[in-house]
Amino acid sequence: MSEGTRFSVVVPVYGCEPCLRELHARLRAALSALGGSFEMVFVDDCGKDRSWDVLEELAAADAAVRAIRLSRNFGQHAAITAGLAESTGEWVVVMDCDLQEPPEEIPRLWEAARQGFDVVLGRRRQRQHAWPRRLAARLYFRFLSLAVGRRLEGEYGSFSMISRKVVREFLRFKDRDRQYLFIVHWLGFRATTIEYDHAARRAGRSAYSLRALMGIAFAGLFAHSTLFLRWIVTLGLFVSAGGLALAAYFLYRYLAHDTVPPGFTSLAVLIVVLGGMGIFTTGVTGLYVGRTFEQVKERPLYVVDERRGGGGSSRP
């Protein structure tokens, strides 16, 4: 590893084989314009294409390229964490591999960071996705906002620049269920935003379907918030209050010598409702227990299989 690297770019790679050579060329051009030493850290998350073969070629041809291959698919956010752990730069750019986030915007991230910010986030002016994907992203960020406790917009992605101080604090997180943006927001360092044009995807298709994004959203909500448990407590209080009100109503009917119907139907409905609520609350509690079980096992967040490159950073 080289010392004194000014800029690192961390790129999680999954299903982007056709984009990698162009991405490397454009990254090198953009980083050379910044006037400092740089490195490019590509983390192969074990997709089904030949991305690793391409990364090996790039690492052999360019000393600024460092390629890391995980032992299996651990997910985008684990791959980002692996890249951050391997990076050495004073400032680190995180971006996707599909060229929808133009590398030419990196100098703008740096200009914003020089104003005294530790975090610079990229905000898309528009999304080049089909409407199901946009809907999925909107729902995902709605759930993530519930976990964070403040509104997060779906126009933000992983495209960002963070200082080494932020990287160090990020790597202290031991959470297995993690989202890069959530952790960056939680850390609370001074942050700003730049806007950029979201490019069309060059090749392949996104691995994040509506179902996958909703699954990640729920996982993040369970992992980072006790919101569901608070909802259960509130629901229980309402049900208890309703039961007391119903008891008072029947007591009044009895004291008023009114006829109280047998109420078999209402009793059956109450049993079904309360039974269903009991199963639901037990299930939610079980999910929290399951997350806790996975966390306390303290298995590694990712496993590195191979490394290539790392001969040194490049200078313009």
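The values are calculated or read from the model by the stated rules, or taken from the named source; none is laboratory data. Bear in mind that the values here come from a model prediction, so they are computed numbers and not experimental data. Reconstructed Cβ throughout: ideal geometry from the backbone, glycine too, with neighbour counts over all protein chains shown.
Here is a yes/no grid of residues against (1) touching a Lys or Arg at 6+ places or on another chain (Cβ under 9 Å); (2) at pLDDT 80 or above; (3) farther than 30 Å from Arg230 by Cβ:
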residue	(1), (2), (3)
Met95	no, yes, yes
Arg108	no, yes, yes
Arg123	no, yes, yes
Gln128	yes, no, yes
Leu135	no, no, no
Phe143	no, no, no
Ala147	no, no, no
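Just checking, which of Ser225, Ser266 is modelled with pLDDT of 65 or more and surrounded by 14 or more Cβ atoms within 10 Å (Cβ to Cβ)?
None of the others qualify; the one that does is Ser225.
Taking the stated definitions as given, is Phe182 at pLDDT below 85 and either surrounded by 16 or more Cβ atoms within 10 Å (Cβ to Cβ) or at positive phi (or both)?
Here the answer is yes, as Phe182 does meet what is asked.
Within segment 42-50, is there a residue that is surrounded by fewer than 21 Cβ atoms within 10 Å (Cβ to Cβ), modelled with pLDDT of 95 or more and of a type in the set (Asp, Glu)?
Within segment 42-50 (the criterion being surrounded by fewer than 21 Cβ atoms within 10 Å (Cβ to Cβ), modelled with pLDDT of 95 or more and of a type in the set (Asp, Glu)), the answer is no, since none of the residues qualifies.
Checking the structure you have, find out if any residue of segment 69-78 is part of a helix (DSSP H, G or I) and either at pLDDT 95 or above or among the aliphatic types (A, V, I, L, M) (or both).
yes
Can you work out which of the residues in segment 67-104 that are surrounded by fewer than 20 Cβ atoms within 10 Å (Cβ to Cβ) and more than 23 Å from Asp305 (Cα to Cα) is nearest to the chain's Cα centre (by Cα)?
Ranking the candidates gives Pro102 first.
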